Structures are given as C-alpha cells and as structure tokens.
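**Q** Have a look at the structure that comes next, please.
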Amino acid sequence: MEVPRIAVLALGASNTANICTGLVRAGGAPFAVRTPAELEGADALVIPGVANVAFLIDALDAAALREPVLRAIASGMPALGICAGFQLCFEGSDEAPGARGLGVLEGRVETLRARKLPHVGWNRVEPLAPDFAGGWAYFAHSFAVARGAREAVALTDHGERFVSAGRRENLLGVQFHPERSGAYGAALLEDFVRGAAVRC
C-alpha cells in the first residue's frame with residue numbers, strides 16, 4: 001500500500017506542525033499547502049485550526065484556496081477539519097460575524113454557553129453514530145456547533161452539549177485536537193490515513 005500524500009492547509013494555525021507529526025506517526029506523508037497548485041496530487045486534505053476563524057477565512061481567501069478546497073471535497077477526497085478548521089466548514093460563526101465559512105456543513109458556530117471559557121482540557125466524546133468511536137479527547141475552544149446539527153456524529157458536554165464531531169460523506173470534522181488526544185486521537189488519525197490510502 002502506498003503512503004498517502006496529505007495536504008495540510010498552511011493558513012497560519014498554530015497547531016499545523018503538531019498535526020503533521022501526528023499524521024506521520026499514523027503512516028501518512030503530510031505536506032503544507034499555501035497555493036492552489038500545491039493542492040494538486042494530494043490524496044487527502046486536513047484543515048487545521050488553533051486560530052480565530054476570521055483569521056483563517058481571510059488567509060484562505062487571500063491564498064485563493066476557497067474554490068480549490070471546495071472542489072477537492074466535492075470530488076470525494078477524504079478531508080479532516082480540526083478545531084477552528086472544523087468550524088470553518090460551517091456556514092458562519094459568531095466569532096467572525098459577516099464572514100462566510102466554506103458551507104460544506106449546515107449550521108452556524110455559536111459561543112458556548114458555559115460559565116468557564118475557553119473550554120480547555122480533557123472531556124468525553126460521546127458517539128451518536130455506531131461507526132464513530134467515543135473516548136477522551138483534548139479540547140481548547142470557546143465556540144461550537146449546537147447539538148442539533150444535522151451532520152453530528154458525536155457530542156460533548158461543557159455547560160451545554162455541543163457537536164464534538166460531524167461528518168458529511170468524505171468530510172469529517174472534530175472540535176477536539178486528535179494530535180493532543182493520546183491513543184484516542186492517534187486512532188482517529190490512523191483511520192483517516194487508512195481512508196486516504198485507498199485513493200493512492
């Protein structure tokens with residue numbers, strides 16, 4: 001089986017290097033993408049995010065990557081959105097009023113209704129779908145998608161229940177950080193890399 005080439009959007013998110021390290025451990029060959037041309041030939045796509053969503057949207061559009069990313073996802077390429085990268089896949093966010101998300105997933109990202117924000121640390125991911133595993137994961141965020149989102153496959157409770165994982169066809173998004181979530185996160189990245197290897 002060939003090693004899948006995994007495009008990691010280099011939009012200025014601070015977790016990009018850690019995600020690449022996690023993907024290498026999972027058996028993938030990640031590489032940074034800063035231009036549309038660099039996305040060509042990839043077997044899978046990762047949208048990282050420890051950043052303000054408005055910053056990510058501005059960086060995405062400044063690099064003319066919005067349409068190439070949407071085409072890649074529409075083509076069936078396996079894609080993984082992480083934290084703010086997951087939030088970027090929705091239609092919009094309270095963190096960036098007026099800014100337009102990718103709109104691949106339905107709904108809007110809202111401020112968490114919790115006494116303590118940001119939500120930082122370990123919390124339980126509770127699966128809604130039989131083919132999505134639950135476990136303990138590491139979170140760092142103040143915004144999330146409400147529990148009723150159509151594509152939700154897992155929920156987590158912090159003041160209210162929010163979507164900690166969502167999926168639509170070939171796109172999986174997680175609100176937690178698999179690259180910092182021990183064995184649970186490593187298993188998720190391994191599953192993602194295996195899915196990407198099928199396209200090699």
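Throughout, read-outs are computed from the coordinates displayed, never taken from laboratory work. All of these numbers come straight from a predicted model, not from anything done at the bench. Neighbour counts run over all protein chains shown; Cβ positions are idealised from the backbone, glycine included.
**Q** Residue by residue, what Karplus-based ³J(HN,Hα) values in Hz, rounded to whole numbers, does segment 77-84 have, using 6.51, -1.76 and 1.60 with θ = phi - 60° and x for Gly and Pro?
**A** Ordered by residue, 3J(HN,Hα) equals 4, x, 9, 10, x, 10, 6, 5 Hz.
**Q** Also: Could you work out how far apart the two model spin labels at residue 186 and residue 18 are, taking each label as a point 7 Å from the Cα in the direction of the beta carbon, and quote it in nm?
**A** My value for the distance between the label points is 1.6 nm.
**Q** Then there's this: Subtract the Cα-Cα distance of residue 66 and residue 37 from 0.36 nm times their separation in residues, and report this length gain in nm to one decimal. Working shown, then result.
**A** On the way: separation 29, 0.36 × 29 = 10.44 nm, distance 1.27 nm.
Fully extending the segment from residue 66 to residue 37 adds 9.2 nm.
**Q** What are the ³J(HN,Hα) values, in whole Hz, obtained from phi via the Karplus relation 6.51 cos²θ - 1.76 cosθ + 1.60 with θ = phi - 60°, for each residue of segment 139-146 in sequence order, with x given for Gly and Pro?
**A** Each residue of segment 139-146 in turn: 10, 7, 6, 10, 10, 6, 9, 4 Hz.
**Q** Step through the residues of segment 159-166 one at a time and calculate ³J(HN,Hα) from phi using the Karplus curve (6.51 cos²θ - 1.76 cosθ + 1.60, θ = phi - 60°), rounding each to whole Hz and writing x for Gly and Pro.
**A** Each residue's phi maps through the Karplus curve to give x, 8, 7, 10, 6, 9, 7, x Hz.
**Q** Could you tell me whether segment 131-175 comes out rounded, prolate or oblate from its Cα gyration tensor? Rule is a ≥ b ≥ c as square roots of the eigenvalues, rounded for a/c under 1.5, then prolate if a/b exceeds b/c, otherwise oblate. Could you put the intermediate results ahead of the total?
**A** Numbers: a/c = 1.70, a/b = 1.35, b/c = 1.26.
Prolate.
**Q** Okay, next question. Would you pull out the residues with amide H under 5 Å of residue 83's amide H, same chain only if 5 or more places away, H placed 1.01 Å from N?
**A** Those lying under 5 Å, H to H, from residue 83 are 174, 175, 176.
**Q** Under a Cβ-only charge scheme (Lys and Arg +1, Asp and Glu -1), can you give me the dipole magnitude of segment 5-197 about the Cα centre, in debye to the nearest 20? Walk me through the intermediate numbers first.
**A** Values: 18 positive and 20 negative charges, 69 e Å.
So the dipole magnitude of segment 5-197 works out to roughly 340 debye.
**Q** Would you grab the residues whose amide H sits under 5 Å from the one on residue 94? Only those 5+ places off in sequence or on another chain, please, with H modelled 1.01 Å from N.
**A** Sorted by chain and number, the residues that satisfy this are 109, 110, 111.
**Q** Sum -39500 (n - 2.57) across every DSSP H segment of at least 4 residues in the chain, then divide by the residue count to get the 222 nm mean residue ellipticity, nearest 500.
**A** -7500 deg cm²/dmol
**Q** Say a site is exposed when it is one of the trypsin sites (Lys or Arg not before Pro), sits in a DSSP loop, and has at most 16 other Cβ atoms within 10 Å; what is then the longest site-free stretch of the chain?
**A** Formally, the longest exposed-site-free interval is 35-99.
**Q** Sticking with this one: Using alpha-carbon positions, what is the distance between the centroids of segment 126-163 and segment 16-90, in Å?
**A** Each part reduced to its Cα centre gives a spacing of 21 Å.
**Q** For labels at residue 157 and residue 52 in the simple 7 Å Cα→Cβ model, what's the distance in nm?
**A** So the label points at residue 157 and residue 52 sit 3.4 nm apart.
**Q** Taking loop as defined by DSSP and a crowding limit of 14 other beta carbons within 10 Å, which GluC sites (Glu not before Pro) in segment 94-200 fit?
**A** Taking segment 94-200 and a limit of 14 other Cβ atoms within 10 Å, the loop GluC sites (Glu not before Pro) found are 106, 169.
**Q** Between residue 140 and residue 113, what is the label-point separation in nm under the 7 Å Cα-to-beta-carbon projection?
**A** Each label point lies 7 Å from its Cα, and together they span 2.8 nm.
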